[in-house]
Each structure stands twice: as structure tokens, then as C-alpha cells.
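One structure, pasted below without further comment.
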Amino acid sequence: MKKILSLILAVLMLTCIFASCQKKDKELVMATNAEFPPYEYHGDDEAITGIDVEIAQAIAEKLGMTLKIEDMKFDSILSSVQTGGADIGVAGLTVTDERKEMVNFSIPYTTAVQVVIVREDSDVKSLDDLEGKKIGVQLSTTGDIYASDDYGEDNVVRFNKGADAVEALKGKEVDAVIIDNEPAKSFVKANKGLALLDTEYATEEYAIAVAKGNEKLLEKIDAALEELIADGTIDKIIAKYIKAD
């Protein structure tokens, strides 16, 4: 009797393990930082939404998988992908040589622009005026990397959220904020007394991060992205959140 019970328990355990593996194989885990509208942010119902979320959802559907979103600090995204905590990183991630040492990237799915937010009464009127000023950035973003290289580490003040950098700008703790154009426009619209410099700071491409060694998934994502770009789905998603001026 004991042998039969042991056999039944063993079968049940194997069944559970198999079912769990099947579920995991059908799940696409996306690491993001939902503080970057309109790419990823908490909607009115607190659910995470945005351009990157809809693109990831469209990819998951093409792969026959269910999308699961893990919200975390921006500087934790690539390490989560590296260690297998997440399958993909989708968070307005710019392809850089430094990041390519950590993860592989898909083909780009959009082009973005880094811009500078200042107070309307600021004496910062051009990029040259940023010399010697305190510049707010979101930690580990390309704005952080570029500003540190161009204006020096001592002049860069890092925040976990872009919104925190903007609050510091309003409070005169920093003189400017460097961030992606679309979130920048949202922040300026929502906060009286702020403005954007007319000059673009940098142009970059966004792509999806995948762990090195997981070429099979990378190939599938690239193929899905190519189809979504070709049939106009990516453009439709972006146009839904970013209206033409």
C-alpha cells in the first residue's frame, strides 16, 4: 500500500512539475519601469499600460504566449534579464555599447529623442548653457550616461524616477532635466512653469533586451517585430499614444 501511495505521489509531483514548466513556457515575462509615459506607466485603473506594453503584448500574441509584466527600478531591468528573472526588458531601452556587453538587443522598434526640460525663468537657453549647471536625470538611463560624459559626474544628480527629477527642477534643486522627448512633453504639460529647450540633445533607437545565450527567443522576437513593423501595427500603437503635432 505504501509503495502504491509513494508511486501516486511521485506521479502527481511529476505532473505538477510538467504543468508548471508548460505554463512557464507559455509565459513571456517583461521587466519594465512604469514611470516613463507614454511608453510605460500606470493607467487610471493602476494597470500598467503604454506603447512598450502594447508592443510586448502584440509580440506575445504572435508567439502564442501570455505577457506578464514585472515593474521594477530602471537600473534593475537588465540584471533581471541577465539572471533569468525576466525574459525580456522593454522600457524605452536605448541600444548602447555598454548595454550590449550585458544583454542582446532586438531590432529597433522606434527612434526617440533626448531633450532638456528647464524652468521658464531659467537662464539655460541652449545646451552650452548647461556647463557648470546641476542636471537631473533618471538613474542609469541614457540621459544619465550622456550628461555624465558631456558635463561631468559632479554636475549630474540622479533620481530613481523621471518624475522625481522634475520635482527637483521645480524646487530649484537642479537647473535642468535630461529625459526622453515624450515623457518630457507630458511633464511640461502637467507642470506649470516648465519648458523644453528648442534644441534636441540626442537621437537614439529603442529595442528589446534579451539575455545572452537565448538566441532562440531573440530570433522569435525579431521575426515578430519585423511582421508588426511591416503590417503597420507598431506605427498604429505609437500613434495611439503620440499624436502628430
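The values are calculated or read from the model by the stated rules, or taken from the named source; none is laboratory data. Bear in mind the structure is a predicted one, so any value in this text is a computation, not a measurement. Reconstructed Cβ throughout: ideal geometry from the backbone, glycine too, with neighbour counts over all protein chains shown. What goes into the accessible areas is simple: the full protein's heavy atoms, side chains included, and nothing from ligands, DNA or RNA. Shrake-Rupley method; radii C 1.70, N 1.55, O 1.52, S 1.80 Å.
Does region 157-173 hold any residues that are in a loop (DSSP other than H, G, I, E, B) and either under 8 Å from Gly136 (Cα atoms) or touching a Gly at 6+ places or on another chain (Cβ under 8 Å) (or both), and which are they? Let's see the steps before the verdict.
The first filter runs over region 157-173 and keeps only residues in a loop (DSSP other than H, G, I, E, B), leaving 160-161, 171-173.
If the condition is that a residue be in a loop (DSSP other than H, G, I, E, B) and either under 8 Å from Gly136 (Cα atoms) or touching a Gly at 6+ places or on another chain (Cβ under 8 Å) (or both), then Glu173 is the only one that fits.
Determine the pairs where a residue that is without any contact (Cβ under 8 Å) to a residue 40 or more places away in the chain and among the charged types (D, E, K, R), located within region 157-184, has a partner that is open to solvent by 10 Å² or more (accessible area, probe 1.4 Å) and not in a helix (DSSP H, G or I) with Cβ atoms under 6 Å apart, the partner being 6 or more residues away or on another chain.
Here the result reads Arg158/Leu139, each pair linking region 157-184 to a residue that is open to solvent by 10 Å² or more (accessible area, probe 1.4 Å) and not in a helix (DSSP H, G or I).
Can you pull out the residues in region 49-79 that are part of a strand (DSSP E or B) and more than 19 Å from Ala163 (Cα to Cα)?
Correct list: Thr66, Leu67, Lys68, Ile69, Glu70.
Pick out the one residue from Thr199, Thr203 that is within 16 Å of Val124 (Cβ to Cβ) and in contact with a strand residue (DSSP E or B) (Cβ under 9 Å, 6 or more places away or on another chain). Break it down stepwise before answering.
Working: Thr203 fails: within 16 Å of Val124 (Cβ to Cβ).
Answer to the selection: Thr199.
I'd like to check something: does region 127-135 contain any residue that is in contact with a strand residue (DSSP E or B) (Cβ under 9 Å, 6 or more places away or on another chain), assigned to a helix (DSSP H, G or I) and modelled with pLDDT under 95? Show your work before the answer.
Within region 127-135, the first condition is being in contact with a strand residue (DSSP E or B) (Cβ under 9 Å, 6 or more places away or on another chain), and the residues that meet it are 127, 129-130, 133-135.
Filter again for assigned to a helix (DSSP H, G or I), leaving 127, 129-130.
From the residues that got through so far, the ones that are modelled with pLDDT under 95 too are none.
No - not one qualifying residue is present in region 127-135.
Also, I was wondering about something else. Right, Gly232: of a type in the set (Gly, Ala, Ser) and open to solvent by 40 Å² or more (accessible area, probe 1.4 Å) or not?
Answer is no for this residue.
Hey, another quick one. Given the conditions (1) more than 23 Å from His42 (Cα to Cα); (2) in contact (Cβ under 8 Å) with a residue 40 or more places away in the chain, which single one is not true for Val90?
Of the numbered conditions (1) more than 23 Å from His42 (Cα to Cα); (2) in contact (Cβ under 8 Å) with a residue 40 or more places away in the chain, the odd one out for Val90 is (1).
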